[in-house]
Amino acid sequence: MAFGNRKIPIHSCSNLYNTALQRDFRIYNTLSRSVESILPIKEGHLSFYSCGPTVYSYAHIGNFRSFVTADLILRTAKAVGWKVTYATNITDVGHLTVDDFSDSSGEDKMAKALRSKEGEAFANVWDLARYYSGKLIEDWQILNLLEPTVRPRATEHMREQIAAVQSLLDKGHAYETSQGVYFSVTSFPSYGQLSGNTLDNELEQTVRNVVVDTEKRDPRDFALWKKDDKHLMQWFSPWGWGFPGWHIECSAMAMAYLGDEIDLHAGGEDLIFPHHECEIAQSESLTGKPFAKYWVHTRFLQVEGEKMSKSLGNFYTVRDLVAPTSEGGKEIDPLAVRMTLLSGHYRKPFNFTIKTLKGNVKHRERLAEIVSVVGYSDSANRIYEGDFGHALQATYHRALDAMTDDLNTPTALVALFGGTKMILSKLANLTATEQEAIRSWLADMNELLGVIQVSGKSATVEDNRSDSSLGVKVEALLVERQQARVDKNWGRADEIRKALTDLGVEVMDTPEGAKWKKIGSL
Ligand code: AMP
Ligand code: ZN
């Protein structure tokens, strides 16, 4: 059995791997451009920041691909026995529509969303931010992402951001113009170390067309503070009314919660430049210390081989995928969505297809069948005994080996499917010891990959059956209700409507017949 670089024999004793042995956790570091063993600054305690979403709309499955990578880092770090302090923010101000240059420009995404058709439902931009933050957390939970230690919001950390900008001015890394305060890129000689965007000409070329403030000393300089007394979200600062630049929020919040030096910083590949490059420049100029040791970036998700976009009709939010509809749409198990996201390695571009999703619905049904026989508990005692137990535990170790080897999720899933097959082959005929081993395996695998049961939820045989058969129940009740109406049995029709409400389902009578959806879904 490989433990990172070491070879250690499989041992029959339970919990051996969680306690006595230090396991290597290796990950690709964008900064060093190589796979490295993670060595936390504080031994056995990982400090970790992951860039969260801009809450101007529902997060899409591409966003969630990046959040799932962060979740897997958290789970794998815990599985090797580390403590983790994990901060992931909510961006609710300052992220502008043109964000791929060092100095973002355009309109604030939040303000633009308020002016859109969807925005009409909200009284103001704060209302809109609150609504989509709530929806983010709902999706986060149904995809079984673990709660972060802290989820700070940019608008609630204005004091820290203003203090950081002032300090950069005091240290000579920033300057003020009539439009804002800018970070001076030439004051930080290693600017470009993360992205490789070090060639002055190349950088100047890319930004020349978008420079809006002619007082800027260098076109590459980026805004730390934008002066704007018309902005929908504005604060008073030493430089007048305005709002912070997008990059400074993550530096300020990461340092507020995790300290000057953190172990690991993550996000999607689009954040390498400019967002993370600028975060490094600001943070290291403030402290004179290295900001983050390891930088992890997730490649973009595409759908059916194309860039996800609303106009192509291939733009999916989590709720689009999982909400049951009556138009031929069965509810999709959210953990099948999660499993699909795990089926590609985070460092390779990922093609999300409905075919893969349906394949994973089948895998999930097999796991649910196992749970329906033996039950599930996060806190099951981990006891693997006998040949069967040891063979099952070995599949967990293979999954953990894969995850500690640069989050190799496809290999970890192969190990999960191997264990599933072993269990199914004897599901009808299990001894008590074997059932105990299976419960241990379900809990271990779930802790690592999160694809078996939403954490904190224990399941009995009945829970599982009723969860996965909601669609069937609803359809049966609707047929019965239709019959009751034909029979003019209004009492029975009302009873059925109440039964549907109790199932958490809302029914709409339309000219095409009754349609239904889960209450709270789209
Ligand atoms: P945003 O809401 O645009 O600030 O993005 C939140 C996170 O999702 C960032 O880490 C982005 O890099 C990431 N992200 C955005 N689109 C995708 C995509 N298609 N695939 C993977 N990650 C993405
Ligand atoms: Zn960020």
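For Cα pairs less than 8 Å apart in space and 6+ apart in sequence, what is the mean separation divided by the residue count of the range 302-464, i.e. the relative contact order in percent? It would help to have the intermediate numbers written out before the result.
Details: 200 pairs, mean separation 45.8, N = 163.
Across the range 302-464, relative contact order equals 28 percent.
In straight Cα distance, which aspartates and glutamates are under 17 Å from Lys348, not counting same-chain residues fewer than 8 positions off?
Output for Lys348: Glu269, Asp270, Glu304, Glu306, Asp405, Asp406.
Report Rg(Cα)/(2.2 N^0.38 Å) for the chain, keeping two decimals.
Numbers: Rg = 25.6 Å, N = 522, 2.2 N^0.38 = 23.7 Å.
After normalising by residue count via 2.2 N^0.38 Å, the value is 1.08.
If you count only protein heavy atoms and use a 1.4 Å probe, how large is the accessible surface of Tyr56, to the nearest 10 Å²?
Here the accessible area works out near 90 Å².
Tell me the carbon and sulfur percent of the accessible area for the chain, rounded to whole percent, probe radius 1.4 Å.
Values: 11720 of 22780 Å².
Carbon with sulfur: 51 percent of the solvent-accessible area.
Could you name the aspartates and glutamates in cross-link range of Lys426, using Cα to Cα under 12 Å and dropping any fewer than eight places away on the same chain?
Result set, ordered by chain and number: Glu434.
For the chain, what is the calculated [θ] at 222 nm in deg cm²/dmol (nearest 500), taking -39500 (n - 2.57) for each run of four or more DSSP H residues and dividing by its residue count?
On the way: 17 runs with 220 residues, N = 522.
Rounded to the nearest 500, the figure is -13500 deg cm²/dmol.
Relative to the Cα centre, what is the charge dipole magnitude of the chain, using +1 at the beta carbon of each Lys and Arg, -1 at the beta carbon of each Asp and Glu, and rounding to the nearest 20 debye?
On the way: 59 positive and 68 negative charges, 234 e Å.
Here the size comes out at about 1120 debye.
Which percent of the Cα-Cα distances in the range 16-298 go past 27 Å?
Working: 15663 of 39903 pairs.
I get 39 percent for the Cα pairs in the range 16-298 exceeding 27 Å.
Accessible area per residue for the chain in Å², computed with a 1.4 Å probe and the full protein assembly in place, what is it? Could you put the intermediate results ahead of the total?
Working: 22780 Å² over 522 residues.
The answer is 44 Å² per residue.
Please arrange Phe188, Phe300 by accessible surface area, largest first, computed with a 1.4 Å probe and ligands excluded.
On the way: Phe188 20, Phe300 100 Å².
Ranked from most to least accessible, the order is Phe300, Phe188.
Taking a threshold of 23 Å on the Cα-Cα distance, which of the pairs Lys109/Lys135; Lys109/Lys230; Lys42/Lys171; Lys117/Lys227; Lys362/Lys421 fall above it? List each step's numbers first, then the result.
Details: Lys109/Lys135 17 Å; Lys109/Lys230 15 Å; Lys42/Lys171 29 Å; Lys117/Lys227 28 Å; Lys362/Lys421 13 Å.
Lys42/Lys171; Lys117/Lys227, as the Cα separations exceed 23 Å there.
Can you pull the Rg over Rh of the range 133-290, Cα-only, Kirkwood? List each step's numbers first, then the result.
Working: Rg = 16.4 Å, Rh = 16.8 Å.
Rg/Rh for the range 133-290 comes to 0.98.
In Å³ and rounded to a whole number, note down the convex hull volume per residue for the Cα atoms of the range 302-464. Could you put the intermediate results ahead of the total?
Values: hull volume 19.6 nm³, N = 163.
Measuring per residue, one finds 120 Å³ for the Cα hull of the range 302-464.
Rank these by accessible area, largest first, 1.4 Å probe: Thr287, Thr69. Can you show the working numbers first?
Details: Thr287 35, Thr69 10 Å².
Largest accessible area first, the list is Thr287, Thr69.
The values are calculated or read from the model by the stated rules, or taken from the named source; none is laboratory data. Since we're looking at a predicted model, the values are computed, not measured. FYI the Cβ positions are ideal-geometry reconstructions off the backbone, even for glycines, and counts take in every protein chain you see. The protein model used for the area step is the full one, side chains on, heavy atoms only, and it has no ligands, DNA or RNA in it. Shrake-Rupley method; radii C 1.70, N 1.55, O 1.52, S 1.80 Å.
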